[in-house]
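K.L.:
The structure under discussion is supplied below as structure tokens; questions concerning it will follow.
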Amino acid sequence: MKASFPPFLIVACAALMLAGAGCGTTTTGTAGPDGGMWKSSDRGVTWANKRALVVSSKVTATGALFNVTDMVMDPQDNKTIYLATAQYGLVYSLDGGDSWQLARISGVSKINAIAVDPKQKCTVYATSGNKIYKTVDCARDWQQIFFEPRTAVTFTRLVVDWYNPTNLYVGTSDGDILRSQSQGVSWEKVERIDGVPITSMVLDPRDSRIVYVGTKSDGIWKTMDSGTTWTQIKKQFGDSFLDARYVLQVVMDPVEANVIYDVCKYGILKSTDGGDTWSALNLTSPPGTVKIYSLAIDPKNNHNLVYTGVSTLQFSTDGGVSWQPKKLPTTQAGSVLMFDPLDSNTLYLGTTPPPQAQQGF
């Protein structure tokens, strides 16, 4: 993928120095806006605000203004990262976040979700409002491949089957789950969850036929046959974890089979049997008192967990039994976390405006 784009390393270094950080160094503070994406190379001890935006030959620190709604790494290239932003559309980096470029999807300023084809690195999908877009030439040109006739409905989540990339799944703000078996050429509705927004989608890393879908108030829905039939995980939470039905993120354990985490209004719940039974992780805050935005699991050691709230990061080295808090390196709220799968010392943190600018769960 890198060979398809002109190099920007020198420009990126100049931008980082203009932004207050030397190329190749880390810092825990910056002058001016400090949003966008942050990167740590030492498991969260120090952080660098990766804010260099390259437009033609001009470099600015505009990346510090990004309101990040989603973050995805190219499965074939850990230096290529895509950010969905609320005001700059889709932006991408080819150098591990040191510099960013605009994807320039015509008429699009807000992206909700991104997915990268795991076998064709130049094929990327993105959703904006009620439309789905696709590029097959590494973000140079984009085509609208599908739209929802109801303009008030938005596509909220999007995933590509890692085993068979012809299969895609997308969720909507109105509770629809759609599937394409043709790389987005045609779509069919495979489940409807009665007007409840879809908040999360994840495929089992061992069997891509198994898909978990989180909803805003109706628990988790699961398919074991690539979307043909679905079962609901809701009553399994019991009376003790009613707020677990309000799902922000579903996370699959990268090491152990059938282990799932439900990041929800209650806190973080864990299942070791594919969702049949659940227990709550012992967090530092009482249940339901703090909004948790994102949970990430070390792909090399699943005892290493980290989650982000409004103002802190919480780290665990014992599978969530105990936690060590660290203040966020930014005045923004953390919105999404990601480990580098090849180097778990490297963490990426996307940010969003603090909660006073947001409403609801």
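Please treat every number below as a calculation from the coordinates, not as lab data. From a predicted model like this one, the values you see are computed outputs, not experimental measurements. Reconstructed Cβ throughout: ideal geometry from the backbone, glycine too, with neighbour counts over all protein chains shown.
K.L.:
Bin width 10 Å, origin at 0, all Cα-Cα pairs of segment 129-246: what percent of pairs per bin?
P.N.:
Bin by bin from 0 Å, the calculated values are 13, 44, 32, 9, 2, 0.
K.L.:
Can I ask one more? How would you classify the chain from its alpha-carbon gyration tensor, with a ≥ b ≥ c the square roots of the eigenvalues: rounded for a/c under 1.5, else prolate if a/b is greater than b/c, otherwise oblate?
P.N.:
oblate
K.L.:
A follow-up question, please. Helix-derived [θ] at 222 nm for the chain: sum -39500 (n - 2.57) over DSSP H runs of at least 4, divide by residue count, nearest 500?
P.N.:
Taken over the chain, the calculation gives -1000 deg cm²/dmol.
K.L.:
To the nearest 20 Debye, how big is the dipole of segment 203-275 about its Cα centre, given +1 on the beta carbon of each Lys and Arg and -1 on that of each Asp and Glu?
P.N.:
220
K.L.:
Along the positive direction of the dipole of segment 225-361 (beta-carbon charges: Lys, Arg +1; Asp, Glu -1; about the Cα centre), which of Val321, Ala333, Thr231 reaches farthest?
P.N.:
Ala333
K.L.:
With the dipole of segment 72-216 worked out from charges on the C-beta (+1 for Lys and Arg, -1 for Asp and Glu) around the Cα centre, which of Leu168, Gln143, Asn78 lies farthest toward the positive end?
P.N.:
Gln143
K.L.:
I need to check one value: relative contact order of the chain, counting alpha carbon pairs closer than 8 Å and at least 6 residues apart, in percent.
P.N.:
Averaging sequence separation for qualifying contacts and normalising by length gives 11 percent for the chain.
K.L.:
Pulled fully out, how much extra length does the chain show between Arg43 and Thr151, if you take 0.36 nm times their separation in residues and subtract their Cα-Cα distance?
P.N.:
34.7 nm
K.L.:
Using 1/(1 + (r/R0)^6) with R0 = 35 angstrom and r between the beta carbons of Ser56 and Trp162, what's the FRET efficiency to the nearest 0.05?
P.N.:
0.50
K.L.:
Roughly how many nanometres apart are two label points built 7 Å out from the Cα toward the Cβ at Val255 and Thr231?
P.N.:
Placing both labels 7 Å beyond Cα along the Cβ direction yields 2.7 nm.
K.L.:
So what J values fall out for segment 80-89 if you push phi through Karplus, 6.51 cos²θ - 1.76 cosθ + 1.60 with θ = phi - 60°, rounded to Hz, Gly and Pro as x?
P.N.:
Each residue of segment 80-89 in turn: 9, 10, 10, 10, 8, 10, 8, 9, 10, x Hz.
K.L.:
I've got another one for you. Taking the Cβ of Ser316 as the center, what net charge do the other residues with Cβ under 13 Å away carry, scoring Lys and Arg +1 and Asp and Glu -1?
P.N.:
+1
K.L.:
Let me ask another. Suppose the chain between Val321 and Cys122 were pulled fully straight at 0.36 nm per residue; how much longer would it get relative to their current alpha carbon spacing?
P.N.:
67.6 nm
K.L.:
Once label points are set 7 Å from the Cα along Cα→Cβ at both Arg209 and Asp194, what is their separation, rounded to one decimal in nm?
P.N.:
3.0
K.L.:
Report the net charge of residues surrounding Ser285, where surrounding means a beta-carbon distance below 13 angstrom and charges are Lys +1, Arg +1, Asp -1, Glu -1.
P.N.:
Summing Lys and Arg as +1 and Asp and Glu as -1 gives +2.
K.L.:
Oh, and also: Would you mind checking Lys134/Lys189; Lys119/Lys300; Lys131/Lys235; Lys270/Lys300; Lys50/Lys110; Lys79/Lys235 for any pair whose Cα atoms are more than 30 angstrom apart?
P.N.:
With Cα atoms farther than 30 Å apart: Lys131/Lys235; Lys79/Lys235.
K.L.:
Place a +1 charge on the Cβ of each Lys and Arg in the chain and a -1 charge on the Cβ of each Asp and Glu, then give the dipole magnitude about the Cα centre in debye, rounded to the nearest 20.
P.N.:
780
K.L.:
Another question, then. Most exposed first by the Cβ proxy, i.e. fewest other Cβ within 10 Å, how do Val251, Val185, Val153, Val213 rank?
P.N.:
Final ranking by Cβ density, sparse to dense: Val185, Val153, Val251, Val213.
K.L.:
Would you order Met338, Met71 from fewest to most other beta-carbon atoms within 10 Å of each residue's own beta-carbon?
P.N.:
By the 10 Å Cβ count, ascending: Met338, Met71.
K.L.:
To continue, here is another question. What is the set of long-range amide H partners of Ser200 at a cut-off below 5 Å, with H atoms built 1.01 Å from backbone N?
P.N.:
Gly214
K.L.:
I would also like to ask the following. Rank the residues Ile297, Ile198 as a footprinting-exposure proxy: fewest other Cβ atoms within 10 Å of their Cβ go first.
P.N.:
If I rank by nearby Cβ atoms, fewest first, I get Ile297, Ile198.
K.L.:
Right, next: What is the calculated FRET efficiency for Thr272 to Gln87, with r their C-beta to C-beta distance and R₀ = 45 Å, to the nearest 0.05?
P.N.:
It comes out at approximately 0.65.
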